[in-house]
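Okay, so here's the structure we're looking at.
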Amino acid sequence: MTPAELTTALRNEAQRLGFGLAGACAAVPPPGSVDRLQAWLEAGYAGQMHYLADRADAYADPARVLDGARSALMLAMDYRTSPPGCPEPGQGRISRYAWGDDYHDVIHDRLHRLADFLRHLVPGARVRGVVDTAPLLEREFAQAAGLGWVGKNTLLLNQRHGSWFFLAALLTDQILEYAGEAETDHCGTCRACLDACPTQAFVAPWVLDSRKCISYLTIELREPVDHALRPAMGDWLFGCDVCQDVCPWNRRAPTSEEPAFQPHALHDPVELAELFALDEAGFRARFRHTPLWRAHRRGLLRNAAIVLGNQRDPEAIEALSTGLADADALVRGACAWALGQYGLPPARAALERGRCIETDPQVLAEISAALAPRAPTARNAGKREALGDAGTLAL
């Protein structure tokens, strides 16, 4: 087969397997892409994602991912489904991509089938499919393959598909027909994504400081969240979609019919109090084959406590009090902070009880800060005015 014939056959099969976009490029990092990655890492914007720096050299050579790689077939699979739910007090929202099954499992299965299809067409061909797990600049390769352009929010954008899609790659030692020039930037003067970011995580257009990004804070960070950033996390339990929700190119993005990406009944939104009743076995049973598994139990409960602290719903005090006695100090510290946001007697009573038995210095510091005198919030001040002190004790 000629490179053009092989590429056409692969693109048709990719479409049959559920990939909405497919294009090929040479397996050579686009000019300047490795240098930009290195500068980003040196600026410290990767935070605790040390695996990126540990594999920095590998990003410069796709042959480190597949020996003899000559071409990359870049692929995109849409995941936009139903409109997001509106969380009520006591509920948290998760990023749209995590509403269904783990996309790694779904896409790896399709990549294996596509790889087998290529081996059938070209016996002896070397091929490897990757999605998120290998040192490959997927976004830059996808742009070189004509799938879209990099938006100011650092995500790949496509005029027809917006940014609601997963990227994947099929590396091969075969020569394919390449797309040629990368697609032109179509963001223009729009700043919607930059201005809407709750934590102002964009240092500049196309430059993200992950250490401030809500997705990083709720998924990658293994430590307590910076106090200054907690209020800006709002209702986000896992990930964040703000910069995509406001992007004009996403207004007409197609919806996915993929069954695995349809929202799980318990994922949109999530009842937060239920999470504090889950031990490790319960967490595994509920989240093992979903993207939320990546945050681990301790991370997800930390996030849940922060959301409840931001919402200040008195009905959540019982769950936070349970969390204040959790076996994990990260969870206890977040619950202490959250209880301190209420300014209500039941919350203070829970904190006082916690202080009597707590031994971790960092958690004790959180409890002390939570118990320090503070002005009542407008919401809870209104409850006091209506109910009086006796009433608040009953909340």
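The values are calculated or read from the model by the stated rules, or taken from the named source; none is laboratory data. Model, not experiment: these values are computed from the prediction. Counting neighbours? That spans all protein chains shown, and the Cβs are built from the backbone with ideal geometry, glycine included. SASA here: full protein model, heavy atoms, side chains in, ligands and nucleic acids out. Shrake-Rupley method; radii C 1.70, N 1.55, O 1.52, S 1.80 Å.
Give, as a single signed number, the net charge of other residues whose beta carbon lies under 14 Å from the beta carbon of GLY68, with Lys and Arg counted +1 and Asp and Glu -1.
Around GLY68, the surrounding residues sum to +1.
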Fill in the blank from the handout: Cysteines of the chain without any disulfide-compatible partner (other Cys Cβ under 4.7 Å) are CYS25, CYS86, CYS187, CYS190, CYS197, CYS213, CYS240, CYS247, CYS335, CYS356
Completion exercise
Tilt, helix 361-371 to longest principal axis of the chain (alpha-carbon atoms), in degrees rounded to tens, equals 60
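Grab the beta carbon distance between GLU315 and THR133, set R0 = 51 Å, and tell me the FRET efficiency rounded to 0.05. Present the calculation step by step, with values, prior to reporting the outcome.
On the way: r = 41 Å, r/R0 = 0.80.
For R0 = 51 Å, the calculated efficiency reads 0.80.
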Completion exercise
The distance between the Cα centres of the stretch 64-133 and the stretch 216-251, in whole Å, is 23
Practice task
Give the angle, between 0 and 90 degrees and rounded to the nearest 10, that separates the Cα long axis of helix 33-42 from the longest principal axis of the Cα atoms of the chain.
Solution key: 20
Completion exercise
Dividing the alpha-carbon radius of gyration of the stretch 224-273 by 2.2 N^0.38 Å, where N counts its residues, gives 1.49
Practice task
Give me the net charge of VAL131's neighbourhood, meaning all other residues with Cβ under 12 Å from the Cβ of VAL131; Lys, Arg count +1, Asp, Glu -1.
Solution key: -3
Completion exercise
Taking the chain and counting helices only, DSSP H stretches of n ≥ 4 at -39,500 (n - 2.57) each over all residues, the nearest-500 ellipticity at 222 nm comes to -11000 deg cm²/dmol
Fill in the blank from the handout: Between HIS186 and residues 5 or more places away or on another chain, the pairs with built amide H atoms under 5 Å apart involve none
Handout entry: Rg in Å to one decimal, and Dmax rounded to a whole Å, for the stretch 1-152 via C-alpha atoms
Key = 17.7, 60
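Semi-axes, largest first, in whole Å: what does sqrt of 5 times each Cα gyration tensor eigenvalue give for the stretch 70-184?
Numbers: eigenvalues 180, 68, 22 Å².
With the √(5λ) rule applied to the stretch 70-184, the semi-axes are 30, 18, 10 Å.
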Practice task
Kindly state, as a whole number, the per residue volume in cubic angstrom of the convex hull around the alpha carbon atoms of the chain.
Solution key: 150
Exercise for the section: Calculate the length of the line joining the C-alpha centroid of the stretch 289-364 to that of the stretch 147-186, in whole Å. Expected result: 42
Exercise for the section: Could you give me the radius of gyration and the Dmax of the stretch 142-185, taking only the C-alpha atoms into account and expressing both in angstrom? Expected result: 11.4, 34
Fill in the blank from the handout: At R0 = 35 Å the Cβ-Cβ FRET efficiency linking ILE175 and ALA43, nearest 0.05, sits at 0.40
Practice task
Loop sites only, by DSSP: take the trypsin sites (Lys or Arg not before Pro) in the chain that have at most 10 other C-beta atoms within 10 Å and name the longest stretch containing none of them.
Solution key: 1-250
Problem - Förster-model FRET efficiency, 41 Å R0, THR189 and ASP57, C-beta, rounded to 0.05 - result: 0.65
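Of all the accessible heavy-atom surface of the stretch 148-237, with the other protein chains kept in place and a 1.4 Å probe, what percent is carbon and sulfur? Please list the in-between numbers first.
On the way: 1960 of 3700 Å².
That fraction is 53 percent.
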